[in-house]
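The values are calculated or read from the model by the stated rules, or taken from the named source; none is laboratory data. These numbers were taken from a predicted model, which means no experiment stands behind them. A quick note on method: Cβ atoms are made from the backbone with ideal geometry, for glycine too, and the neighbour counts reach across all protein chains shown. Quick note on the areas: whole protein, heavy atoms, side chains included, nothing else; ligands and nucleic acids left out. Shrake-Rupley method; radii C 1.70, N 1.55, O 1.52, S 1.80 Å.
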Amino acid sequence: MNINFGTVKPPENNIPKYQEAGKRLGRRLLAVVLVAAVALLGSASFTVINEGYIGVKYQFGKIVDDSLSAGLNFKIPFIQTIRQVDVREQMYQMDANAYTKDTQTVEGIQTKLNYVYDRAELSNIIRNIGINNVESKLLIPQMQSIVKNEIGQYKAEDLVQNRTVVQESIEEKLRSSLGQSGIIVVSFAIENLDFEDGFEEAIRAKVVAEQEALKMQNKTKETEELARQTVIAAQAEAESQKIKADAEAYAIEAIQKQLQQSPEYIELQRVQKWDGKYPQVMGDSVNPFVTLSPTE
């Protein structure tokens, strides 16, 4: 027994309601799609460039603007792209090996270079070298060449003693060489020089010997100065004694002249030196301070 239920159809009077609901749903979906499309286009049309950076605008891989300033910048969605380039001060560190003039090996030369891009030449750097290639194409070759050449001008011992001079010379040559490519050198430093162990021991021994020699030299100078001061003191004492002796001789000579000219001078001297007291014990001798007349 077959039972055929047939197709259930909504009542004909409900069809307009379903059609109207479908239309409303379609309009809502379209509105959502349009809003999403507008939001997507809006976000794809602008790029924010941070402070310390400049923007480079590309259109199908070709640079059309390389000087976009910080802030909100427009681009054509899906056709143009904007990349940020850091134009703040950069720092690059490099380790290298070199030989001195007397063929000593300098291992582990640690150097540091601080630099900035020349804004006037930045476009050429971006187009001809590429920001990502600055280190490999400019900095490394130039630094290695100049550092090795400058260190090769000095003997190992002189290199240790003239490290600052060598550093300044390398900085000057890097500034001249890299400046031609749009790189402005801010500073350069040699942070470490590592020689072979045997040479470093020899340098330490020589420094210790020189310090000991300097101590002995200073001691010798001290002794010489002490002797000189002793001689000066002796000469001064002798001169003082001579002056004193001359003064005494002059005094004696003056007294003798007075005695020759006036015999009473000796009596005057006795009176001037007498303290006014008579001797406690009187003897047979005559009091030298009293002159008795014959009548007394």
For the residue pair Glu107 and Glu253, what label-to-label distance in nm results when each label sits 7 Å from Cα along the Cα-to-beta-carbon direction?
8.7 nm
Can you run phi through the Karplus equation (6.51, -1.76, 1.60; θ = phi - 60°) for segment 50-60 and list ³J(HN,Hα) in whole Hz, with x for Gly and Pro?
7, 4, x, 10, 10, x, 10, 9, 10, 10, 6
Here are some pairs, Lys112/Lys155; Lys148/Lys173; Lys137/Lys173; which of them have Cα atoms lying more than 21 Å apart in this structure?
Lys112/Lys155
Nitroxide proxy distance, nm - points 7 Å out along Cα→Cβ at Glu172 and Val87:
3.1 nm
Students often check this: by mean Cβ neighbours within 10 Å, which of 239-245, 89-95, 122-128 ranks highest, and how do the rest follow?
122-128, 89-95, 239-245
By accessible area with a 1.4 Å probe, ligands and nucleic acids excluded, highest first: order of Tyr117, Tyr53
Tyr53, Tyr117
Each label sits 7 Å from Cα toward the beta-carbon; between Asp194 and Asn128 the label points are separated, in nm, by 3.8 nm
Over the residues of segment 116-194, compute the C-alpha Rg and express it relative to 2.2 N^0.38 Å.
1.23
Hey, with R₀ at 35 Å, roughly what FRET efficiency would Val165 and Lys219 work out to, going by the Cβ-Cβ distance, to 0.05?
0.60
